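The values are calculated or read from the model by the stated rules, or taken from the named source; none is laboratory data. Nothing here was measured: the structure is a model prediction, and the numbers come from that model. In this analysis, Cβ positions are derived from the backbone assuming ideal geometry, glycine residues included, and neighbour counts consider all displayed protein chains. Areas reflect the complete protein model, heavy atoms only, side chains present, ligands, DNA and RNA absent. Shrake-Rupley method; radii C 1.70, N 1.55, O 1.52, S 1.80 Å.
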Amino acid sequence: MVVSNRLPVDHELAEDGTATWRASPGGLVTALEPLMRASGGVWVGWPGVADQEFEPFENDGISLVPVSLSQHDLEFYYEGFSNDTLWPLYHDVISPPSFHREWWDSYVEVNRRFADAVAAVAAPGATVWVHDYQLQLVPRMLREARPDLVIGFFNHIPFPPYGIYSQLPWRKQILDGLLGADLIGFQRVADAGNFSRAVRRLFGYPTRGTAIDVPDGGQRFRRVVARHFPISIDANAFEELARRPDIQARSRQIRDELGNPKTIILGVDRLDYTKGIGHRLKAYGELLAEGRLIAEDVTLVQVASPSRERVGAYMDLRDEIELAVGRMNGDYSTIGHPAVSYHHHGYPREEMVALYLAADVMLVTALRDGMNLVAKEYVAVRFDEDGVLVLSEFTGASDQLKQAVLINPHDIEDVKSAILLAVNMPKPERKRRMRALRRKVFDNDVAAWSASFLETLTGAAKVAPG
Ligand code: GDG
């Protein structure tokens, strides 16, 4: 069983009022689909519409069990505690987290609803894989209700250092919730280390390497494993798209429509304050101001897909970014040569691939990012072994993608030098780096990620009782 905040389907109303479900093919679905089908898997999650109850249903060979959320749950559990408390706290408090007791109460209540839904349908001894920061209490709730289950948890976002984590008023409850799992997966070695340290500091449980011994009443303990499993993408699927003639034609058309600049620089992010979009614009703007880049030669295409638009920090961010883009275009664009081509849209995957193919330089400047799949997608698409990836050290991806041009996005001079290095990099060096990056991404794709997590989970569960 897989448990995640969102089900991998979207609810759609046709013009005649009939309701249908459309698969929303994210990386997680692609990774787990074959396994889920083969094992008669069940996916538990919220179907994306508030205040409506849905019966379990089947979609493309996978059983889906909807958990309903009210408008109040969305405001308190989702936009509130998940996205305005945990998200900023876990991303190094780039934006100040809000702590509200009513949000916490709602988080507990909704986590209980998810746990109950799983407990009600899980087969005896089933393996349950819970995903992400919205559901950190589910492992403990589930273990109490169903001690027969094998429980794994994967955190898609960073786990912060103790000095930051310890600000959370509910720091012990969250750790205890996670420790209900047999295996807790993180993106980076550092995240798993931060988690184990927090457990030692707050509970004093013995930890050794990746093992944590959690007292289980009396003299007994349960062994919990906390370690890193860097997530990835379906690299072959991205390459297949990139090889399609229509997508290659679209990629040439994009360059043409941008006024045929010598260099296209690309940024693709959800419009989120963790992604360092402002830092990227500042560095690029200074290069234009200093005449080290000119708009006739270079265009920065920034896709900022709409995200969490009802959370205050995201509204402020949008204003800030759009002001900066407007100023820069006013100052440096010429007719037919935009300095920044900015798009506050979500695009179909085909269009994203065409953009990746068109981009000579990919800029990933996140201030903190669990992994950053965009970096891996860019690499997977570049079967021509060309293009330069500029990658922030503060992404999980930088642990693996060492042949990228690595940057500290807080150091604007460093970002500027990296952009110039990337723009002027000789072809043989671009090829050498991209080859090495591609090997890394194709050898460690999302299927390898889920297989490795699930093998470790079933192994970990076997050695559990101490
Ligand atoms: C979280 C963690 C971790 C974006 N705009 C469009 C679009 N996207 C796609 C990208 C990519 C995905 O969304 C974004 O993934 P990231 O990993 O870059 O970032 P988060 O959304 O913050 O994801 C992150 C991830 O979970 C997985 O564990 O890596 O660290 O924060 O796939 O391509 N896709 C389409 N149109 C868009 O406009 N089709």
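Some notes on this structure:
- Two-decimal ratio, the stretch 1-142, of alpha-carbon radius of gyration to 2.2 N^0.38 Å: 1.09
- Long-range HN-HN contacts of Val3 with modeled amide H, under 5 Å: Val44, Trp129, Val130, His131
- Computed over the alpha-carbon pairs of the stretch 153-261, the distance histogram in 5 Å steps reads 2, 11, 17, 17, 11, 6, 5, 6, 6, 7, 6, 3, 1, 1, 0 percent, short to long.
- Exceeding the 18 Å Cα-Cα cut-off - candidates Lys262/Lys427; Lys376/Lys440; Lys376/Lys427: Lys376/Lys427
- Across the stretch 149-156, rounded Karplus estimates of 3J(HN,Hα) from the backbone phi angles (6.51 cos²θ - 1.76 cosθ + 1.60, θ = phi - 60°) give 7, 9, 10, x, 9, 10, 9, 7 Hz, Gly and Pro being marked x.
- Estimated distance in nm for a label pair at Asp16 and Gln219, the labels positioned 7 Å out from Cα along Cα-to-Cβ: 7.1 nm
- Cα-only radius of gyration and Dmax that characterise the stretch 320-394, units Å: 14.2, 39
- With a 1.4 Å probe rolled over the protein heavy atoms of all chains, the accessible area of Arg112, Arg171 falls in the order Arg112, Arg171, largest first.
- Residue-count net charge about Gly177 - beta-carbon cut-off 12 Å; Lys, Arg +1, Asp, Glu -1: +3
- HN-Hα J in Hz across the stretch 8-23 - Karplus 6.51, -1.76, 1.60, θ = phi - 60°, x for Gly and Pro: x, 9, 10, 8, 10, 9, 6, 4, 7, x, 6, 9, 9, 10, 10, 4
- Under 5 Å, built H, 5+ apart or other chain: amide partners of Val301: Ile265, Leu266, Gly267, Ser341
- Shape call, the stretch 283-370: gyration tensor on alpha carbons, a/c limit 1.5: oblate
- When the alpha carbon gyration tensor of the chain is reduced to an equivalent ellipsoid, its three semi-axes come out at 39, 24, 22 angstrom, largest first.
- Legend: residues Met315, Met352, sorted from most to least accessible area (1.4 Å probe; ligands, DNA and RNA excluded), read Met315, Met352.
- Whole-Å distance, taken between Cα centres, linking the stretch 218-276 and the stretch 87-156: 27 Å
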